Amino acid sequence: MPMVDRVMAEAALSPRELDIVAAAIGPGGFTGIRVGLAAARGIALATGARLIGVTGFAAVAHALRRKNRVRSLNGTLLLVALDSRRDDLYVQVFVLDTIAPLTQPQTVLPDRLADWVGALAGSPPLLIAGDAMGEAAAALEERVGFDVVPDSAPDAVGVAAAALEAARSAPGEPVRPLYIRPPDVTLPKPHGIAGVSR
């Protein structure tokens, strides 16, 4: 919150001048996503701004276009690979020209990534970005032709760019966290209460 205050002061904006509050909704750690969304909801509620949620995948895709880091090549697919902090990768594929999602976000093990990508649309040109770009590129090295975009982790510029695009093209929808895999922690199974003999 102190960083938000500093940014607002440097921009000479009052809270009531905010039109949109953009927040990353995941994938990521359970606590970080919940805390970030709670803060964003609080700011939006207090200022009357519209809250827009952005996935890490969309943030990467829109940042690439906004920063002019890629040329839009007709028919090229963009594979965004994000670090899951597990053996698998969080992945989503976009049509590069329009930044339209071709797949839903999901997890894929590196040794299955080439088959998964190959099953999408044959073998169109492929661009790989995201903070797990290196792992994805290594997994595809022997079987798929591609180019990579280094230093393309999700960032605030991408979240803002994706939120502005969403504000123009979509009606307001409830903002919910994106959890690709089920939780690792579950409630304990109920145990029967042992009978007491008298």
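We did not get these values from a lab; they are worked out from the coordinates using the rules stated. These numbers come from a predicted model, not from an experiment. Neighbour counts run over all protein chains shown; Cβ positions are idealised from the backbone, glycine included.
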query: Once you treat every alpha carbon in the range 1-49 as an equal point and sum by Debye, what is log10 I(q)/I(0) at q = 0.18, 0.22, 0.32 Å⁻¹?
result: -0.59, -0.82, -1.20
query: What residues of the range 27-51 lie in the reach of a label at GLN104, counting those whose backbone N is under 14 Å from a point 7 Å from the Cα along Cα→Cβ?
result: none
query: Gain in length, ARG181 to ALA156, computed as 0.36 nm per residue apart minus the alpha-carbon separation, to one decimal in nm?
result: 6.6 nm
field: Nearest-20 debye value, the range 2-169 charge dipole, Cβ charges on Lys, Arg, Asp, Glu
entry: 580
task: Starting with the fewest neighbours, write out ILE33, ILE99 ranked by other beta-carbon atoms found within 10 Å of each beta-carbon.
output: ILE99, ILE33
message: Relative contact order of the chain, please, whole-number percent, based on alpha carbon pairs below 8 angstrom and at least 6 residues apart.
response: 24
Sites VAL4 and ARG168 - FRET efficiency at Förster radius 22 Å, r taken between beta-carbons, to 0.05: 0.40
message: Could you give the length gained by full extension between LEU120 and ALA46, i.e. 0.36 nm per residue of separation minus their alpha carbon distance, to one decimal place?
response: 22.3 nm
query: Non-local amide H neighbours of LEU126 (under 5 Å, H modeled in plane, Pro and chain starts lacking H): which ones?
result: LEU77, ASP147
query: Once phi is turned into ³J(HN,Hα) by the Karplus curve 6.51 cos²θ - 1.76 cosθ + 1.60 with θ = phi - 60°, what whole-Hz value does each residue of the range 22-35 show in order, with x for glycine and proline?
result: 9, 9, 6, 9, x, x, x, x, 3, 5, x, 5, 4, 5
task: Two decimals is fine: what is log10 I(q)/I(0) at q = 0.09 Å⁻¹ for the range 2-169, from a Debye sum with one equal scatterer on every Cα and no solvent?
output: -0.33
- prompt: Once amide H atoms are built 1.01 Å from N in the peptide plane, which residues 5 or more positions from ARG50, or in another chain, come under 5 Å H to H?
  reply: ILE20, VAL21
field: Ranking of GLU10, GLU165 by count of other Cβ atoms within 10 Å, fewest first
entry: GLU10, GLU165
statement: Exposure-ranked with fewest Cβ neighbours within 10 Å first, MET8, MET1 stand as MET1, MET8
